[in-house]
Amino acid sequence: MKVLFIGGTGIISSACSELAVKQGIDLHLLTRGQSSRPIPEGAKTITGDINNAQDLLKDHYWDAVVNWIIFTPDQIERDLDLFRGKTNQYIFISSASAYQTPPSILPVRESCPLDNPYWEYSRNKIACEERLTRAYREEKYPVTIVRPSHTYDKTLLPFDTGYTILHRILNNQPVCVPGDGTSLWTLTHHTDFAKGFNGLLGHSGAIGENFHITSDEWLTWNQIYDLLALAAATLTGRDIKCKKVFVPSTKIAEIHPERGPGLLGDKSNSMVFDNSKIKSFVPDFRCTTPFSRGAMEIVGYYLANPGMVDEKLNAIEDKLCSLG
């Protein structure tokens, strides 16, 4: 199977690339060569920019094309033109944040309406999906839509404020938790996501369909913070506890406007998923990395590769914690 990944070295796509090579897929990565993550051994590279790729790709036909870095309808139009008649399957990476926010029914299924009034990123993904659905209906363009939720690897902390929060946890400083920390959230390790995703590559039954691919582990935000603190204590041998200060999400958005859309449009709501559909198409799909293990990977990575504390974010965190 000959597959093109546009991107392929990001947090989510890197695991899919590595697994694809192991599965014997003839994987080609269209990349500008700017990623810090290595190209998997065995993958072929096409160096260039998707915006000027007509000549680079003109002699190829693909069993599947996946664009990992597409966000707006104008980019969809570019890809529709570029791959029309050139692939058996075009997979669009959407987002589970496109689902109705807040959701009226849990767990969320693929039939949930798409509606996010809080976050422009999500509305753009919805617009992309609508254009692709129309292309499938009008011209049978071979579209498959995939909606990842919060997918991570060892480099990605689950907080908008990133390493700054881990630094505070490591130093027993208080951290701001939105709401009361009891809303449910889903974190999916990128290697688990890859098991479900790669099963859709070249799957003729997936044409015209949409899927989310997530873990079945549901955690409260209190548990997520505490698991990271436990990992920090375990790996350092120190007495580390997460000192949580609870602040309403609307107040956080007021004080830290840049964080508002992603918080109000995603993380402040309980979001858990019914994965029956992806399991019916990819029967071997199972998530085997609980976040307790993922937290150990994340903390271990940052203990070996400390990040930079963002002093602006740190000051905002101090201000938010003073409200609790």
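Annotation: residue 257 fulfils all but one of (1) outside the structural domain of residue 175 (by TED's automatic domain parsing); (2) free of Cβ contacts under 8 Å to residues at least 12 places away in the same chain; the unmet one is (1). Residue selection: residue 245 satisfies the criterion of being in contact (Cβ under 8 Å) with a residue 60 or more places away in the chain and in contact with a Gly (Cβ under 9 Å, 6 or more places away or on another chain). With respect to being farther than 24 Å from residue 120 by Cβ and among the polar types (S, T, N, Q), residue 270 falls outside the description. For the stretch 274-289, check the following and say yes or no: at least one residue is among the β-branched types (Val, Ile, Thr) and within 30 Å of residue 134 (Cβ to Cβ). The answer is yes, given that some residue of the stretch 274-289 is among the β-branched types (Val, Ile, Thr) and within 30 Å of residue 134 (Cβ to Cβ).
The residues of the stretch 1-52 that are at positive phi and either of a type in the set (Ser, Thr, Tyr) or buried (at least 19 other Cβ atoms within 10 Å of the Cβ) (or both), listed by number, are 7, 8. Once the stretch 283-311 is narrowed to residues that are of a type in the set (Val, Ile, Thr) and surrounded by fewer than 20 Cβ atoms within 10 Å (Cβ to Cβ), the residue that is farthest from residue 200 (Cα to Cα) is 309. Sub-8 Å Cβ pairs linking a first residue in the stretch 33-61 that is in the same structural domain as residue 13 (by TED's automatic domain parsing) and among the aromatic types (Phe, Trp, Tyr) to a second residue that is outside any helix (DSSP H, G or I) and surrounded by 14 or more Cβ atoms within 10 Å (Cβ to Cβ), at least 6 apart or interchain, are 61/2; 61/86; 61/87, ordered by first then second residue. Looking at 263, 227, just one residue is in contact with a Ser or Thr (Cβ under 8 Å, 6 or more places away or on another chain), modelled with pLDDT under 95, buried (at least 19 other Cβ atoms within 10 Å of the Cβ) and closer than 30 Å to residue 322 by Cβ, and that residue is 263.
Residues in the stretch 110-148 that are in contact with a Pro (Cβ under 9 Å, 6 or more places away or on another chain) and of a type in the set (Ser, Thr, Tyr): 118, 121, 122, 136.
Can you name the residue in the stretch 189-235 that is in a loop (DSSP other than H, G, I, E, B) and charged (D, E, K, R) and, of all such residues, is nearest to residue 64 (Cα to Cα)? Of everything passing the filter in the stretch 189-235, 209 is nearest to residue 64 (Cα to Cα).
The values are calculated or read from the model by the stated rules, or taken from the named source; none is laboratory data. Remember, it's a predicted structure, so these values are computed and weren't measured experimentally. Glycine gets a Cβ as well: all are built from the backbone with ideal geometry, and neighbour counts include every protein chain shown.
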